[in-house]
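Have a look at the structure below, then the notes.
Rule-based calculations on the coordinates, nothing more; no lab input. These figures come from a predicted structure and were not determined experimentally. Here the Cβ positions follow ideal geometry from the backbone for every residue, glycine too, while neighbour counts run over all protein chains shown.
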Amino acid sequence: MSNQQAVLRIPEVAPELKEVEIVPEAVVAGDHPTVLAMADSLSTMGISVTLIHPYKEIEEIVAHMRGLMEADEEVSKKYAFLCEKVAANKSIKVMNEATVDGVSGWWGNFSVGILQKGTSVTLKTSGIAVAYKGNPVLPEAFSAKGIKSFSGFLAQFDMRKGALKEATNPAKRVAFVLDVDGRDEKWASVTALRFGAYLKGFGSQVYILCRDFKVSVDDMEREYRLAREAGILIFKYRDYPRIEGKRIIFQDASAVSEKAPLDVVLDDVDAIVIQEKVVPSKGQEEFLGWLKIPQEGGFVGPNNPQFVGRTPKKGVVVAGDTWYPEYPTDSYTTALSAAAELYKWIGRGTYQVDIQRVAEVDPSKCATCLTCYRICPHDSIRIERYGERNVYITKGEKEGAAWEAARVKVETCNGCGLCASECPAKAIQLVYYPDLEVLEFLEKT
């Protein structure tokens, strides 16, 4: 039998379950409208909610809905209704003019620092839901003086239906310019298709210019087909389009060969909608840093696409632009998924964890280098004084002995093995499959 076959046949370790008590309470924080959806959903499921937002009144969360949110009447009405519902809900504590000023702890025992009107308070909670708005930034390729002076120039994230058409004077020719920063973002393609179809209803001619149109979203193939049938023209360009006043000049990559480049000219364009890149706000950057999520791109979603709203840290969920810039209907759905995910962790009063499938530290080998403490994605490792209050006392040592070493909190450990693989002192083992046991099994088989 090969070693690979032997590993596959290592017997399963019987679980050893420990029941953990969880208080059904959560902090919902941020400035994105989806905080209303998460707060309402969690409260409906019986969770005690504290809603933290930076505005003077809760109604301003809806008033500050920017761009895509404002442009969708159905979603705008839904959030306005949610705002009234949350404000009237006595089981939701609303903290106005408040921001998160640091987070520590772990699932079931988080400490959230809150700064409200110059006063700092700390709130204990079992779970956290966050939704920040991103900051839209125009691509450098389109920051030229001539572009800024064009009155018909708009940014996609700040686009509104009213800005593109008036009841008596709808825009006749509208061009969406995507992918100008080489960013592969599906929300831009979704928005261009849906707003393009809306504008076609007013008789506007719509052009979409992109490097690569993204249709890998639910039902996008159908919308793409309907858009083409409606007469929306979609071009793939080679190099960045040149914009000269109301004229757009580009090379059509889908129709022009390398040997015979040909410029395509769109004249008399009434409105040019440029895809912005959305970067994290300050609060979002700090939060992602605490989650130990890569900052490139600034969103949780691309790093965790299989589980909507979930983060690497148990008991913490995200929505809004903290998850990913989305079309408003999709963003609302993400918020509900995030709330359901959080309820799974904190809504039952108790939770069972398998304390066999965790990492364990040998304190006699630990060098307190803090490597495991820094890299643990679940914040499950603490530095404690062994012999005073730690259960992992090395055999043969006196009960009164005390020295600093790492300790794994079994209730939050996910058994990923990252700490064991990175520990330079080889002081950490996974309880369920220690290296020596695996080697012994391989030798026997």
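Side notes on the structure shown:
- Computed from the C-beta positions of Y198 and E221 and an R0 of 25 Å, the FRET efficiency is 0.85 to the nearest 0.05.
- Distant alpha-carbon pairs in the range 89-140 (separation over 15 angstrom), percent: 60 percent
- Once the Cβ-Cβ distance of V121 and W290 is raised to the sixth power relative to R0 = 22 Å, the FRET efficiency obtained is 0.75.
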